[in-house]
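The values are calculated or read from the model by the stated rules, or taken from the named source; none is laboratory data. Quantities reported herein were computed from a predicted structural model and do not represent experimental measurements. Neighbour counts are summed over all protein chains in view; Cβ atoms, including those assigned to glycine, are modelled from backbone coordinates with ideal geometry.
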Amino acid sequence: MFSTRIILIILVPLLVFSIMIRSFLLKEPRERVDNLPIHSIVLSHQVLIDQFNPLNTTSTSVAFLCQSSSSTVIERIARISGVPFVLTNDLNTFNGKFAYLDVGSLTSTWFTTEHVLMLKQFINRGGHLLIVGVNNDLSKKISLLIGTRTLTSTREHKFLKIHPNSWDRYLEDPNEQKYTLSGIKDDGPYSTSIGLHTNDCVIATYEDGSIASLNYHLGQGNITLIGVSSYDLRLRNLVGRDYNANRHYCNEFEPLSDFLPLFIKGMYEKIYPDGLTLHTAPHGYQSTLIITHDVDYKYSMEEGIRKFAELELRYHTPATYFIQTKYLTDDKDEAFFTLHTSQILPWLNKHGFEVGSHTVVHTKNFNKLPLGTCTESYPVYKPFSFNNKEDRNNPTVCGELKVSKELLEGSNSGEILSFRSGNLLYNQYLPNVMERLGFKQGSDFSAEDVLSYFPYRYPYDKFKVDHESDIFEFPLSYEDEAFPPLIFRINKATKLFQQLYCNGAVFVLLIHPDCTWWNLKYFDLEFEAKFLDTLPNDVWRTTMKQAGYFWHYRDTIQWNYELRDNRLILSVQSPIAYNGLTFTLNHNLRLYMGNSNAFIKNHKLVVNVHSGKNLWKFEIQH
């Protein structure tokens, strides 16, 4: 007892004294690396996106009915699905067979009885109408379409189960047939149960067996009802407001946000078996692989980069290296971004790799940082991590992005267009700052966090998702920090890749290039080699910069096609020339190619586009 008291009397003061000394020393960083070259950024105040007047609609276009306030939200879903479309509030002049009505985005004063009668005429002449978000608020008006079917809305449903149906081409995986709507016990999105009539075809049910979606004939046409709105199926999830619907953080397959675009695409292909849809990868590839490396550790910067880059050169697989420009020593690590270590960055750029920004300080408080002024500059900007909860010397969002970008470009790394925050933390100021500093794409969410495996634009405000930025987010699909180490998870990684591959989605892989033995990180090189060995030949292996360029381009073109007398006439209006624009051929379509700027690759139509309006004519062979 006496000896224990003596030990405590000695140790407690020593412990307190050591904490005081540490706090005193860390009022300033222990070391600073100066005299690094920078490339000054010219700030942008507005991002302009080339817009074209829509091409004339054809009989193969999909009419997305919307009011002006909901057009951006609806267009986002239409573009990801890849169908040719027109945003409209009038079907009287529309001669197509497929229309989409998102009830949840319409106000009762705008959606009049006249609109309902117009829809009924459209269906009676053989049209297919998809009504999403059917609910009680407009039940009296849409009763002309749905008859006496009862509608019961609640916020208690937790799951959505998809039944086999005639357009489930993209919903064949078990994870695509059961979706979590909410992980909160007594709360969730509004979901409507739909009364079942004789001869109705059930598409989906809730966990209690009530009907979530069905299809039925009306006149010469068909109506499909879905009892959950597009906002709840996709849009709210992309800004992290998903009622805890994701059951995992990463490395699993939870594609709730992709259900609606893929459902629309599958439905369209059933209606137009001789048609086309705009594909989600260029050059005839089926899907996209982006390998990324977060370089936020001194041994990664000194040894890991070259080992992984040499492996990727052998496999002809460019990768994106997100570099932390750590020029201050703090409680996390020594300063490792120096004149000596940064010499490898021009080599990466020369060999086709991409260098991206991974902040200066890699703080665990990035989501809480203030905006800053975007006048922050090296070496005056001196933030450092004091501990996991506290940073010092006023780090800002502007400073973390601007200073790191200027240092990387000053090291001859090429133009820095991609950004990933430390710990995948999202800050509300990020879209504005990225646009102002000239970034084009980010990777700041896990795919399970947003429940999507396709790129999408950041909204400026998570409560106003219709106001979107020019920055594309590429969600992270698979990463190396989970247990067990990657080398023991090769089968799981390849299975997830195959699930995304089937949908034409983007697989974003993260490997920290530590090459340390104590946590088996050295075997990540072996994992990556084995993973690349398993890939099909029709996978686009690219960098985030190149993928971002493609998705920006895909978002700006206007296109449609017509089917006439066994001929397919394709029109593309493009702001720039682009080689390799790819279209998916629907089930029965074979084309006779008579144009050197168009060819078939991997059962897809690939065209080389010049600036302005393009026109191709193909003979259809069944």
Odd one out for GLY266, checked against (1) assigned to a helix (DSSP H, G or I); (2) within 18 Å of the chain's Cα centre (by Cα); (3) surrounded by fewer than 22 Cβ atoms within 10 Å (Cβ to Cβ): (2)
Test for ALA309: is it touching a residue at least 24 places away in the same chain (Cβ under 8 Å) and in a helix (DSSP H, G or I): yes
Pairs, first more than 15 Å from SER300 (Cβ to Cβ) in the stretch 318-343, second assigned to a loop (DSSP other than H, G, I, E, B) and of a type in the set (Lys, Arg), C-beta under 6 Å, six or more apart: THR329/ARG30
Residue, nearest to ASP242 (Cα to Cα), within the stretch 117-172, restricted to residues that are in a loop (DSSP other than H, G, I, E, B), of a type in the set (S, T, N, Q) and in contact (Cβ under 8 Å) with a residue 60 or more places away in the chain: ASN135
Complete set of residues in the stretch 320-363 that are more than 28 Å from THR542 (Cβ to Cβ) and basic (Lys, Arg): LYS332
Unique match (being in a strand (DSSP E or B), within 21 Å of GLU302 (Cα to Cα) and at pLDDT 95 or above) among GLY356, GLY414: GLY356
Filter pass, LEU278 being modelled with pLDDT of 95 or more, of a type in the set (A, V, I, L, M) and crowded, with 19+ Cβ neighbours inside 10 Å: yes
Subset tally (residues that are modelled with pLDDT of 95 or more and assigned to a loop (DSSP other than H, G, I, E, B)) for the stretch 78-96: 3
Residues of the stretch 462-513 satisfying the condition of being in contact with a Gly (Cβ under 6 Å, 6 or more places away or on another chain) and either surrounded by fewer than 17 Cβ atoms within 10 Å (Cβ to Cβ) or among the charged types (D, E, K, R) (or both): GLU473
Matching residues, the stretch 319-331, being in a loop (DSSP other than H, G, I, E, B) and crowded, with 20+ Cβ neighbours inside 10 Å: GLN324, THR325, LYS326, TYR327, ASP330
Tabulated pairs, the stretch 399-412, first among the acidic types (Asp, Glu), second assigned to a helix (DSSP H, G or I), C-beta under 8 angstrom, 6+ apart or interchain: GLU400/PHE366
Of all residues making up the stretch 522-563, the number that are under 23 Å from TYR501 (Cβ atoms) and in a strand (DSSP E or B): 4
Residues satisfying the stated conditions in the stretch 524-555, i.e. over 17 Å from the mean Cα position of the chain (by Cα), surrounded by fewer than 18 Cβ atoms within 10 Å (Cβ to Cβ) and either at pLDDT below 95 or of a type in the set (Asp, Glu) (or both): GLU526, ASP533, ASP538
The stretch 332-352, subset in a helix (DSSP H, G or I) and of a type in the set (S, T, N, Q), residue surrounded by the most Cβ atoms within 10 Å (Cβ to Cβ): SER342
Complete set of residues in the stretch 213-267 that are farther than 27 Å from ARG149 by Cα and either aromatic (Phe, Trp, Tyr) or free of Cβ contacts under 8 Å to residues at least 24 places away in the same chain (or both): TYR243, TYR249, PHE253
Residue selected from the stretch 197-238 under the condition among the β-branched types (Val, Ile, Thr) and surrounded by fewer than 19 Cβ atoms within 10 Å (Cβ to Cβ), by the criterion farthest from HIS128 (Cα to Cα): THR198
Identity of the residue in the stretch 179-192, assigned to a strand (DSSP E or B) and at pLDDT 95 or above, that ends up farthest from ILE264 (Cα to Cα): THR180
Complete set of residues in the stretch 360-384 that are touching a Phe, Trp or Tyr at 6+ places or on another chain (Cβ under 7 Å) and either polar (S, T, N, Q) or at positive phi (or both): ASN367
Subset of the stretch 426-460 that is closer than 25 Å to VAL403 by Cα and of a type in the set (D, E, K, R) - its residue that is surrounded by the most Cβ atoms within 10 Å (Cβ to Cβ): ASP444
Residue in the stretch 93-115 that is in contact with an Asp or Glu (Cβ under 8 Å, 6 or more places away or on another chain), free of Cβ contacts under 8 Å to residues at least 60 places away in the same chain and of a type in the set (A, V, I, L, M) present: no
Qualifying position, being closer than 17 Å to MET267 by Cβ and modelled with pLDDT of 85 or more, among GLY127, GLY209: GLY127
Residue match in the stretch 500-507 (condition: assigned by TED's automatic domain parsing to the domain that holds SER477, under 22 Å from GLY352 (Cα atoms) and not aromatic (Phe, Trp, Tyr)): yes
